[in-house]
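So the structure is just underneath, and the comments pick up after that.
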Amino acid sequence: MSEQHFASGPSCCEPDLDHHLEAFLSGLAQAGYAENTRRGKARRIVPFIQWTHTSGIRLCEVDDLDACIDAFLASPGRPLYKHRSALQAFLAYLREAKVLPPRPMERSTADALRHSYLEHLQSQQGLSAHSIAAYAVSVRGFIEAMHLPEEAADLDARAIQRYLLTLSPEHAVATVKVYAAGLRSFLRFCLLKGLISRDLSTALPCIGRCQPKPMPPILSDEDIERVLATVDRSSLRGCREFAVLQLLARLGLRASEVLALRLEDVHWEQGELLVRGKGAQFDRLPLLQDVGEAIVQYLRVARGHSDSRQLFLSRQAPRIGLQDPSTVSAIAHRALERAGLLPSGRVGAHIFRDSLATRMLRHGASLSEIAEVLRHRCIATTQGYANVDLERLRDVAQAWPGVQEVVQ
């Protein structure tokens, strides 16, 4: 594609791209990118800037910048500069800095419906970004399969059930449960917006397991100390891992809650930690001494400089806050593996939360006290931990009238 084929917008003042390239590279340095990486990106972007000058192309007047990149990469004598990602990152920076107009957004009616639903989950339901992302996956396929919103009038219980049955053989039970939960939420949203005239969320069956859920593995106090002792606290990576494990083991935080911690959430003078929990719920927990010491060591030694306000940052560039709870679960998984305490099955950060609840129960804490520490909104959730400690249940069990001893 030649430069003559670009669609042009209104005339504007062309920015000084050389100056903005310096600012772009400076931002990469602040984000933690190595000097060699920054030089490599510059080597790929400078020829593009020169090409726009010699070709008389004004980027601020180009509607399709992707086509502009294609034309540059396809031009003769560019075999060494076919590095699309560097050019796209530079143009994205120019858009973010408002040097170039934003990318035109032309949403289809299906995209508009999905976007409206996701905004509803965030603003009205208070779901976390990770929950919204999970629901977005299930809803996208459903909207496409049902041809919504155009064919909403044809939506009925049988069509919904057929769609879920079609998905079931391809996914695990846990995944299908997430899909079903997302579809129930979406159908209630459609009813609220008047897209459908009756509540079809009840058409989705409850997804159960053929076998009862196994008891979760539990770590004793000695096990916890053994896991913590495996961390190399002299390394930058170890400082971060030790602080994360302390939050999991001592305070029972969820992986998503560790991820959401910000610098201002640590209240040093009050000795408190602000926890951003499920459903936009905010709670304050005591900042235990060993937890606080681990966070201090991480901040002083390993965190480094970043514009991000998140407490825990990625170790590689860009130095931004951790983005996925699986990163926290991977830290827990590696520590358990090093300690030789890794049980079978999928095990991550939640094992420390389950273990804290069970250890509290064994040390005499009531279910209401455990619920307060774990920030359960429903006591029924906490009662599940009572089934784990069978030995303690035998201690408090009452004999059936007329029977001298409890059957073991």
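Taking other residues whose beta carbon is less than 15 angstrom from the beta carbon of Arg184, and scoring Lys, Arg as +1 and Asp, Glu as -1, yields +2.
Taking amide H positions as modeled 1.01 Å from N, with prolines and chain starts lacking one, the residues under 5 Å from Ile196 and 5 or more places away or on another chain are Leu191. Within the listed set Leu165, Leu148, Leu21, the Gaussian network model of the chain (springs between alpha-carbon atoms below 10 Å) gives the highest mean-square fluctuation for Leu165. Approximating the spin labels as points 7 Å out from Cα along Cα→Cβ, the Ile69-to-Ser168 distance works out to 4.3 nm. Residues whose amide H lies under 5 Å from that of Val62, counting only those 5 or more places away or on a different chain, are Gly9; hydrogens are built 1.01 Å from N in the peptide plane.
Overall, the accessible surface of the chain at a probe of 1.4 angstrom is composed of carbon and sulfur to the extent of 51 percent. With each label modelled as a point 7 angstrom along the Cα→C-beta vector, the Cys378-Asp221 pair spans 3.3 nm.
Selection among His53, Ala42, His20 by position relative to the dipole of the stretch 18-62 gives Ala42 as farthest towards the positive end (Cβ unit charges, Cα centre).
Spin-label model, Ala23/Arg39: points 7 Å from Cα along the beta carbon direction are separated by 2.6 nm. Kirkwood radius for the chain, taken over all pairs of different Cα atoms as the inverse mean of 1/r, rounds to 25.9 Å.
Out of Gln323, Gln310, Gln270, any idea which swings most in a Gaussian network model of the chain, alpha carbons joined below 10 Å? Comparing Gln323, Gln310, Gln270 in the GNM, the peak value goes to Gln270. With all protein chains kept in place, the per residue accessible area of the stretch 242-327 amounts to 47 square angstrom at a probe of 1.4 angstrom. Only helices reaching 24 angstrom along their own axis (Cα) with mean Kyte-Doolittle hydropathy no lower than 0.0 count here, and for the DSSP H runs of the chain these are 129-146, 173-192. Probing with 1.4 Å while keeping every protein chain in the model, the per residue accessible area of the stretch 131-225 equals 60 Å².
Taking amide hydrogens as placed 1.01 Å from N in the peptide plane, the amide H of Glu272 sits under 5 Å from those of His267, Leu287, each at least 5 positions away in sequence or on another chain.
The values are calculated or read from the model by the stated rules, or taken from the named source; none is laboratory data. Being a predicted model, the structure only gives us computed values, none of them experimental. Every residue, glycine among them, receives a Cβ derived from its backbone with ideal geometry; neighbour counts consider all protein chains shown. Each accessible area value is taken on the protein alone, full model and side chains, heavy atoms only, with ligands, DNA and RNA left out. Shrake-Rupley method; radii C 1.70, N 1.55, O 1.52, S 1.80 Å.
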